[in-house]
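Nothing in this text is a laboratory measurement; each read-out follows from the coordinates by a stated rule. Everything numeric in this text was worked out from a predicted model, so none of it was measured. Here the Cβ positions follow ideal geometry from the backbone for every residue, glycine too, while neighbour counts run over all protein chains shown.
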Amino acid sequence: MVRPTAQPALSLLLTTLLMSVLAGCESTPHDDGPMGMDSSSWRAPIELIPEAIGTRSWAITTRSSDAQAYFDQGMALRWAYNVNEAARSMREARSADPACAMCWWGEAFALGSFLNGGMSKEKSADAHAAIVEAHHHAGAATAVEQALIRAALTRYPADYDPAARREVDEAFADAMRGVYEAYPNHHDVAVVYAVALFMLEERRGNRDLDDPDVQRLHGVLTGVLDDDIRHPGACHLYIHATESTTNPGLALPCAEYLSETIPVASHIQHMPSHTWNEVGMWHRSVRANVEALKSDRRARDGQGFSYGAIHNLHMLLFAASYDGQGAAATQAGRDFRKLSDNAMYEALTLLRFGRFDEILELDERPEYDIGAALWDFAQGYASLRMGDRDRAILMRDACLTFAATTEATFRFHPARHVVGPVAHILAGEIERADGNLTAAIASFREAARIEDEMEYDEPEPLPFAARHWLGAALLESGNAADAEVEYRIELADHPHDVWSLTGLQRALDAQGRSDPAVAEDLRAGSARVDHWFDTSRF
């Protein structure tokens, strides 16, 4: 049984902070859809914010201190995926010194494809003009700068076709391999080469640590990090290159320092949570995304840089849910709705923490189809818990039909992988309420089976797991040994998850067994829980 410790201070912080973010959401444009892609201008002027770049500098050939400062800001923002602001900074750099070849190169680099998006046709025109100008001024540049500019010429052809990006990416990676081999100890060259290599990898799915291409990418990045653990570009890429492997903890050493390297760029504050979620350091993930939201807030006042505020909220509510921090999770769910006009996570976080009366008070059904289906699930579940079986059945049938027939997706996940599990969870709870525990267990097993098919994502679409219901039903049926198996499977997927640990401890108790490691894990995780629960689902 878990005895909670309340966290009113964190709840108050989130309420105040997130309301401020939402008040200024018009100046955080990097939220076009669930992932948070940017669509703002890359040609507007930009101020120099010295604290944005930390202490890192890539010394380039220029006599202008302003050009150097803006170049450093541009590179910091490029490593932070604020690619538009990076391009704007590079434009300021080359305005301060029009003969600075690397300033022109930096503008092209910022406009090029990056891990979360390909170069558009419109951006490619500006990038081509910039790299041509860089080449024009390269005679005064150093040998390594000239090599970088020559390599980049392959990336920005005059007739760039976004549909044929692969050919261009391969040519750029091949050209950068030569630069890297000529200057293997130049860390920034290595990271640019890693960018080129990563563009050849599939963005989604699991990565095989035995894959030679993955090993080559990891080797380039660790070659930098072994010597400079605080390089933001290398660490950012390394987290992405390891999070979906069997050993995401490989990035823990650099994740420890990443957020301080570019102090007011929200995506850099957020990025360590990709590693911390995978290893079950949920509380650190919560704090990382609170810090990211602070930078989102600072961006409104021109004192920071925002990228993916909706994604930050999603990661926050996901980590807080798994950590048992109900105040943080439900507040983030509310603010996700305010920022995105989608109430699905408001409903799902309230459900996670058993606030069924509040779910039934929600009256903003999302227009977005999968969001609407998840909202329907929450409404049906809450209705069942509050005694309205008929409405629960209506919502169950609607969710099952939607999951089986729609072509809709959430990010890249088909609806059957997102809505399918919750539809079967609701079906199982209705069967359980009817006294048919055998049928309920079968429904929960189906929910878990579908959930297991889901492709890797960070964070996952749902802030809970189907096995939280399956394990609880198995315990209720008297099958504690099978419940133990399911909870241990879930803990392998989500380490230190207090919901599974709570269920696992109950399963061990029911068998008259003890496991000191489980007891200690539960004790440590329960320190932040602000709801009392003695089972793995409400």
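Assorted remarks:
- Ordering Pro463, Ser443, Ala481 by Cα displacement along the dipole of the range 392-495 toward the positive end leaves Ser443 in first place; charges were set at the Cβ atoms of Lys, Arg (+1) and Asp, Glu (-1).
- With the simple spin-label model, which puts each label point 7 Å out from Cα in the Cβ direction, the Glu260 to Val132 separation comes to 4.6 nm.
- Electrostatic dipole magnitude of the chain [Cβ: Lys, Arg +1; Asp, Glu -1; Cα centre; debye, to 20]: 740
- C-alpha center-to-center spacing [the range 367-381, the range 225-288] in angstrom: 33
- Stretch in the chain that is longest and holds no trypsin sites (Lys or Arg not before Pro) that DSSP places in a loop and that have at most 15 other beta carbons within 10 Å: 205-410
- Evaluating 6.51 cos²θ - 1.76 cosθ + 1.60 at θ = phi - 60° for every residue in the range 443-458, the Karplus couplings come out as 5, 5, 5, 5, 4, 5, 4, 5, 4, 5, 7, 5, 5, 4, 8, 9 Hz, glycine and proline recorded as x.
- A simple charge model with +1 on the Cβ of Lys and Arg, -1 on the Cβ of Asp and Glu and nothing else charged puts the dipole of the range 38-281 at about 420 debye relative to its Cα centre.
- Gyration tensor verdict on the range 329-434 (Cα atoms; rounded if a/c is under 1.5, prolate if a/b is larger than b/c, oblate otherwise): oblate
- Options Ala44, Trp499, Ala427, ranked by Cα towards positive dipole end of the chain, top entry (Cβ charges): Ala44
- Cα→Cβ-extended label distance, 7 Å offset, between Asp211 and Asp493, nm: 2.1
- Nearest 10 degrees, 0 to 90: helix 232-242 Cα axis against the chain principal axis: 40
- Comparing Cα centroids, the range 500-538 and the range 322-350 end up 24 angstrom apart.
- With Cα atoms, 0 to 90° folded angle of helix 165-182 axis to the chain main axis: 60
- Between 0 and 90 degrees, the angle of helix 65-79 with respect to the longest Cα principal axis of the chain falls at about 30 degrees.
- Inter-centroid distance (Cα atoms) of the range 166-221 relative to the range 426-498, Å: 40
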